[in-house]
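All remarks here apply to the structure that follows.
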Amino acid sequence: MFMHNKRLMYTVRVSEPNPALASLMLEQFGGPQGELAAAMRYFTQGIADEDPGRKDMLIDIATEELSHLEVIGSIVAMLTKGTKGKLAEGADATADLYANITQGNGSHTLQILYGGGPSLVNSAGQLWNAGYIDSIGEPTADLRSNIAAESRAKIIYERLINVTDDPGVKDALTFLMTREIAHQKSFEKALYAIENNFPPGKLPGHPEYANKYYNMSQGPGDMRGPWNQGEQWEFVEQRHDQQAVDGGDGNATVRLAAEEMAAIEKVSQRTMSRPDSNPTTGADLGAGPGAGKVKQV
Ligand code: MN
Ligand code: MN
């Protein structure tokens with residue numbers, strides 16, 4: 001079950017209203033790297049996890065992410081608060097209200113459509129959707145994705161910190177950013193607490209292809225580095241060694257029933273091209289006087 005405490009996880013001290021900044025903050029409320037996405041990601045993973053320790057961690061972090069959602073949502077609400085009342089009550093001159101809500105970004109949408117409350121959209125107004133969550137139900141893959149998700153959330157916070165001078169907003173964002181670092185550490189530890197975590201899943205890779213690096217893009221700019229050189233790599237450069245690497249002829253085949261074969265033969269006959277033809281087409285004729293000309297006459 002969930003319980004709610006009225007105190008926020010971190011105190012939000014916004015210096016002054018700023019509707020344009022509020023709309024930027026929505027990125028971490030309803031955006032792909034935002035707190036709702038994080039909470040739903042770990043909550044759904046935790047519910048299904050068979051490992052008691054990992055399940056506990058996932059639900060702990062999911063619940064913390066909901067607390068972050070509350071913090072970032074409160075930042076949005078404080079930044080829009082000054083204008084919200086005036087707009088609802090028509091308490092300012094039209095021109096002043098207009099100027100107040102059109103300070104840039106999606107500030108007008110935030111005020112006109114959502115009444116100044118945090119809405120589940122990103123900073124460009126794109127609606128939140130569950131497609132942001134890429135869980136696959138295999139902890140060795142999901143934990144890696146979670147580590148990457150925490151990295152992305154950290155970077156978005158860093159960018160948001162860089163676009164505001166409000167010390168209170170910076171302070172709360174720094175807390176949220178720092179917690180994503182802590183989560184990344186927990187997920188990484190949890191990943192390596194699974195002894196067989198690479199490759200992800202159960203099946204080993206085919207030994208023939210697991211240690212080869214195919215230099216597919218060739219020309220000036222070719223580089224060697226730890227990703228393609230050293231003991232564990234076989235560097236495959238020759239074009240003929242990159243094709244039909246299984247030793248076959250590199251063609252796609254399938255065994256068909258006689259009936260299927262006959263139907264395919266028919267469709268192939270019916271749609272066959274005549275490479276020796278040069279048919280006159282609409283492009284040659286033109287669509288009307290002066291139109292569609294492709295050559296001088
Ligand atoms: Mn968070
Ligand atoms: Mn997090």
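The values are calculated or read from the model by the stated rules, or taken from the named source; none is laboratory data. Everything numeric here is computed off the predicted structure, so don't read it as measured data. With ideal geometry, Cβ positions are generated from the backbone for all residues, glycine too; neighbour counts draw on all protein chains shown. We work out accessible area using only protein heavy atoms, side chains counted, and drop any ligands, DNA or RNA first. Shrake-Rupley method; radii C 1.70, N 1.55, O 1.52, S 1.80 Å.
Of the residues ASP49, ASP284, ASP241, the one that moves most in a GNM of the chain with alpha-carbon contacts below 10 Å is ASP284.
Dividing the convex hull volume of the alpha carbon atoms of region 19-192 by its residue count, what do you get in Å³ per residue?
Normalising the Cα hull of region 19-192 by residue number yields 98 Å³.
Relative to the longest principal axis of the Cα atoms of the chain, the long axis of helix 52-89 makes an angle of roughly 60 degrees. Sticking with the crude label model, points 7 Å out along Cα→Cβ, report the distance from LYS202 to GLU237 in nm, one decimal please. Using points 7 Å along Cα→Cβ, the separation is 4.2 nm.
Amide H to amide H, with H built 1.01 Å from N, VAL121 comes under 5 Å of GLY30, TRP128, counting only residues 5 or more places away or on other chains. Couplings for region 171-179, taken from phi via the Karplus curve 6.51 cos²θ - 1.76 cosθ + 1.60 with θ = phi - 60°, read 4, 5, 5, 5, 4, 4, 4, 5, 5 Hz in order; Gly and Pro are left as x.
Among the lysines of region 137-290, pairs at least eight places apart or on separate chains and with Cα atoms under 30 Å apart come to 9. Computed 3J(HN,Hα) for region 161-168, one whole-Hz value per residue from the Karplus formula 6.51 cos²θ - 1.76 cosθ + 1.60 where θ = phi - 60°, is 4, 6, 9, 10, 9, 5, x, x, glycine and proline marked x. For the pair region 63-78 / region 158-175, the C-alpha centres are spaced 14 Å from each other. Averaged per residue, region 19-192 has 45 square angstrom of accessible surface, using a 1.4 angstrom probe with ligands and nucleic acids left out.
Solvent-accessible area assigned to carbon and sulfur over the chain amounts to 55 percent, based on a 1.4 Å probe. Charge dipole of the chain (Cα centre as origin; +1 on each Lys and Arg Cβ, -1 on each Asp and Glu Cβ, all else neutral): 780 debye, rounded to the nearest 20. Determine the shape class of region 126-202: with a ≥ b ≥ c the square roots of the Cα gyration tensor eigenvalues, call it rounded for a/c under 1.5, and otherwise prolate if a/b is greater than b/c, oblate otherwise. Verdict is oblate for region 126-202. Peptide packing for 78-87, 222-231 was compared via the average number of neighbouring C-beta atoms within 10 Å per residue; ordered from the highest value, the list is 78-87, 222-231. PRE reach from THR94 (point 7 Å along Cα→Cβ): which of region 105-119 fall under 12 Å by backbone N? No residues fall inside that zone.
Using R₀ = 51 Å, calculate the FRET efficiency as 1/(1 + (r/R₀)^6) where r is the Cβ-Cβ separation of MET3 and ALA262; round to 0.05.
The computed FRET efficiency comes out at 0.15.
Toward the positive end of the charge dipole of the chain, with +1 on the Cβ of Lys and Arg and -1 on the Cβ of Asp and Glu, the farthest Cα among HIS108, VAL267, VAL76 is that of HIS108.
Computed over the Cα atoms of the chain, what is the convex hull's projected area averaged over all directions, in nm²? Numbers along the way, then the final one.
On the way: hull surface 125.4 nm².
About 31.3 nm², averaged over all directions.
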